[in-house]
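Since the structure comes first, as structure tokens, the remarks are kept for the end.
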Amino acid sequence: MNKYAIKLAQTCLGCKKPSCQTGCPVNTPIAEMIRLFLAGDIKKAGQMLFDNNPLSVICSLVCPHEKHCEGHCVLNKKQTAVSVGSIENYISDLYINDVQNTKPQTNGHKIAIIGSGPAGIALAFIMATKGYEITMYDSNDKIGGVLRYGIPDFRLNKETLDILITKLQQLGVIIRPNITIGKNITVSDFFRDGFKAVFIGTGVWSPKKLDIKGESLGHVHFAIDYLKSPSVYRLGKKVVVLGAGNVAMDVARTAVRNGAREVYIMYRKGMDDIPASNHEVECAKIDGVKFELYKEPKEINEEGVIYASTNNEESGMLEADSVLVAISQNPKDNISKSTKEIEVDGRGLVIADENGNTTMKGVFASGDVVTGARTVVEAVAFSKRVAGAIEAYIDAQE
């Protein structure tokens, strides 16, 4: 038994109305989790966490806990909040490695899941457990989406994703990799082939451009592309990251771990306005990342980034061997172009209601492809609602 995890759990007050739970997007029963853990019922605690959130083992690592559960802990008023993420990960990791799923009896209804990021994986677990025949389609060779190709290894061990793949396959989920829906196969083809519903959870993989001179130069790269395979890039010793969200922090810290001696975050506002979480900013600082604030990039050349001051100081140039653009992403348009019934907004995000219903009958969507880039736990929460909507839709067709 991990004495550290026990010590952390013992700081919980066991509130009758736990604000930590209401602060969690998936309403994780944190106080009950800790009570079971300290009582020696760790497997029961793990089962409860998984039933509530199939990606509990992931969320416990990558969630912005200071924004959700830990940020709502009553202990914040006088001391340090309970370290919910660490306790949850200890329990969930043991559970997911130990549990052996069995394939449930099929109910005869097939569902296609396009995209295998957090939204798709969560939905696959929920629906497969209920006997639905699930096939997942992904353009990459392995499932995971942003979890595998957008979160650095030092934040999320990809072996955890491989374990989840095994658990999905135990439930009978079929995974079809290396296929981009909207090219050779369209959404309409699924209904022709007997699928009762289609789910879109393709995320946001099209990097947003700055639209400034120099963006096409050879030493300029987009953050989301870099994170997919950082080892193939030769960034040099001095790197400038444009943008200050959580992705920018991931990119900067990854560059440090791949040989860069100096890494700078350039941002047009001050430290208090940085969109990244305080935790991610502090981690970046600890890793040696420097912040160049009140500087707005205007042009990139072979020597670095030409910027304009936004606080009445002198403009200038920050030298760089490489520049990484990290200012957000939009969805790709493969599906919307091939299926006009599925409407998208001005950013290319799929239009869906609060239950994931799109503008095409029988097609549902959730996650970043609907909301734009959000947290993993928010994607799971959305997919839980969509699961109920899909089930109701299929039942109504009987």
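The values are calculated or read from the model by the stated rules, or taken from the named source; none is laboratory data. If you're wondering where the values come from, they're calculated on a predicted model, not measured in any experiment. Using ideal geometry, Cβ is built from the backbone for each residue, glycine included, and neighbour counts are taken over all protein chains shown.
Of note:
- Every test in (1) in a helix (DSSP H, G or I); (2) under 21 Å from the mean Cα position of the chain (by Cα) is passed by Ala244 save one, and that test is (1).
- Checking Glu133 against (1) surrounded by 20 or more Cβ atoms within 10 Å (Cβ to Cβ); (2) free of Cβ contacts under 8 Å to residues at least 60 places away in the same chain; (3) touching a strand residue (DSSP E or B) at 6+ places or on another chain (Cβ under 7 Å), the condition it does not meet: (1)
- Filtering the range 145-183 to residues that are surrounded by fewer than 17 Cβ atoms within 10 Å (Cβ to Cβ), hydrophobic (A, V, I, L, M, F, W, C) and within 22 Å of Ala112 (Cα to Cα) leaves Ile163, Ile174, Ile179.
- For the range 291-336, filtering for residues that are closer than 25 Å to Gly259 by Cβ, in a loop (DSSP other than H, G, I, E, B) and not hydrophobic (A, V, I, L, M, F, W, C) leaves 3.
- The listed residue being free of Cβ contacts under 8 Å to residues at least 60 places away in the same chain, crowded, with 20+ Cβ neighbours inside 10 Å and of a type in the set (Val, Ile, Thr), out of Val377, Val370, Val386: Val370
- Filter result for Thr80 (surrounded by fewer than 22 Cβ atoms within 10 Å (Cβ to Cβ), part of a loop (DSSP other than H, G, I, E, B) and among the polar types (S, T, N, Q)): yes
- The set of residues from the range 317-341 being buried (at least 20 other Cβ atoms within 10 Å of the Cβ) and among the hydrophobic types (A, V, I, L, M, F, W, C) comprises Ala320, Val323, Leu324, Val325, Ala326, Ile335.
- Odd one out for Gly346, checked against (1) under 26 Å from Asn258 (Cβ atoms); (2) out of contact with any Gly (no Cβ under 8 Å at 6 or more places or on another chain); (3) of a type outside the set (A, V, I, L, M, F, W, C); (4) surrounded by fewer than 18 Cβ atoms within 10 Å (Cβ to Cβ): (1)
- When residues in the range 279-318 are screened for being more than 29 Å from Arg155 (Cβ to Cβ) and in contact (Cβ under 8 Å) with a residue 60 or more places away in the chain, 4 of them pass.
- Residue check for Arg374: part of a helix (DSSP H, G or I), assigned by TED's automatic domain parsing to the domain that holds Gly144 and of a type in the set (Lys, Arg): no
- Gly214 being buried (at least 18 other Cβ atoms within 10 Å of the Cβ) and either in contact with a Leu (Cβ under 8 Å, 6 or more places away or on another chain) or not charged (D, E, K, R) (or both): yes
- Neighbours by Cβ (under 9 Å, 6+ apart or cross-chain): first from the range 79-91, over 14 Å from Thr28 (Cβ atoms); second among the charged types (D, E, K, R) and not in a helix (DSSP H, G or I): Ala81/Glu66
- Scope the range 58-97; condition acidic (Asp, Glu) and within 23 Å of Gly120 (Cα to Cα); matching residues: Glu88, Asp93
- Boolean, Glu314 is among the charged types (D, E, K, R) and surrounded by 15 or more Cβ atoms within 10 Å (Cβ to Cβ): no
- Applying the condition of being more than 16 Å from Asn53 (Cβ to Cβ) and not in a loop (DSSP other than H, G, I, E, B) to the range 1-33 and asking which residue is modelled with the lowest pLDDT yields Lys3.
- Selection within the range 76-105 - within 21 Å of Gly23 (Cα to Cα) and either over 25 Å from the mean Cα position of the chain (by Cα) or of a type in the set (Ser, Thr, Tyr) (or both): Asn76, Lys77, Lys78, Gln79, Thr80, Ser83, Ser86, Tyr90, Ser92
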